[in-house]
Amino acid sequence: AQSVTQPDIHITVSEGASLELRCNYSYGATPYLFWYVQSPGQGLQLLLKYFSGDTLVQGIKGFEAEFKRSQSSFNLRKPSVHWSDAAEYFCAVVPGTGNQFYFGTGTSLTVIP
Amino acid sequence: NAGVTQTPKFRVLKTGQSMTLLCAQDMNHEYMYWYRQDPGMGLRLIHYSVGEGTTAKGEVPDGYNVSRLKKQNFLLGLESAAPSQTSVYFCASTQQGAPGQPQHFGDGTRLSIL
């Protein structure tokens, strides 16, 4: 079955520390890949997306993500986390055809001072 | 530019009551979606529409109906609300065209069924 997996339900990091959020998918062909962030009481905001080409993509708020085909992964990273980064993060996948999004279950990020 | 607007933002219903959630977008997007978000389950697609007058079922369509009479609006209806439909509902829209266009989300409707 097709799926998107975010293995970490909750992560806590110290402000200024580096961050990596994991995302794995199981689709036959290379899909379109996205990371969204959701602040409390808000909708989802697009952080970055990967369609093709360079496997390291840059997004807003200092985030980046790397697509690794061999590992079917699209992990999100940030070198130095700020307290305002505390939020819920969702990985999403669109299979090679169509426009239907499949979301992971999310990773909740807590940032401690 | 408002983007995607959902009304209402909050609502409490009694079991068996009906209601309609409204989603409006001003980006001239062809595709619109309704999701529900529940703790630990991410976002699950309820129904979606690829254009005015068209609708299709998503992953969890039971108990919901939708209509897309105007391109800019996508309505989600609950005919007989059940406690299992307590959730946060999100509407999203995206451009037609190449696959993988990013979705733009509203701020959500928090719905409680007593």
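So here's what we get for this one:
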read-out: Within the stretch A:49-63, tally of residues that are in contact with a strand residue (DSSP E or B) (Cβ under 6 Å, 6 or more places away or on another chain), farther than 20 Å from A:Glu88 by Cβ and open to solvent by 50 Å² or more (accessible area, probe 1.4 Å); value: 4
read-out: From the options A:Ile112, A:Ile60, residue that is over 15 Å from the mean Cα position of the chain (by Cα) and among the hydrophobic types (A, V, I, L, M, F, W, C); value: A:Ile112
read-out: Residue list for the stretch A:66-101, restricted to those being within 14 Å of chain B (Cβ to nearest Cβ) and assigned to a strand (DSSP E or B); value: A:Phe67, A:Phe74, A:Ala87, A:Glu88, A:Tyr89, A:Phe90, A:Cys91, A:Ala92, A:Val93, A:Val94
read-out: Tally, over the stretch A:12-48, of residues that are open to solvent by 50 Å² or more (accessible area, probe 1.4 Å), under 18 Å from A:Gly62 (Cβ atoms) and in a loop (DSSP other than H, G, I, E, B); value: 2
read-out: Tally of residues being of a type in the set (A, V, I, L, M, F, W, C) and part of a loop (DSSP other than H, G, I, E, B) across the stretch B:21-79; value: 5
read-out: The stretch B:20-56, subset under 13 Å from B:Gln6 (Cβ atoms) and hydroxyl-bearing (Ser, Thr, Tyr), residue surrounded by the fewest Cβ atoms within 10 Å (Cβ to Cβ); value: B:Thr20
read-out: B:Ala92 touching a residue at least 60 places away in the same chain (Cβ under 8 Å), crowded, with 21+ Cβ neighbours inside 10 Å and away from every other protein chain (no Cβ under 13 Å); value: no
read-out: Qualifying residue in the stretch B:62-85 (condition: at the interface with another protein chain (Cβ under 9 Å from one of its Cβ atoms) and in contact (Cβ under 8 Å) with a residue 24 or more places away in the chain); value: no
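The values are calculated or read from the model by the stated rules, or taken from the named source; none is laboratory data. Treat the numbers as computed from the prediction; the structure is a model and nothing was measured. Methodologically, a virtual Cβ is constructed for each residue, glycine included, from the backbone with ideal geometry; neighbour enumeration extends over all protein chains shown. Surface areas here come from the heavy atoms of the whole protein model, side chains and all, with no ligands, DNA or RNA. Shrake-Rupley method; radii C 1.70, N 1.55, O 1.52, S 1.80 Å.
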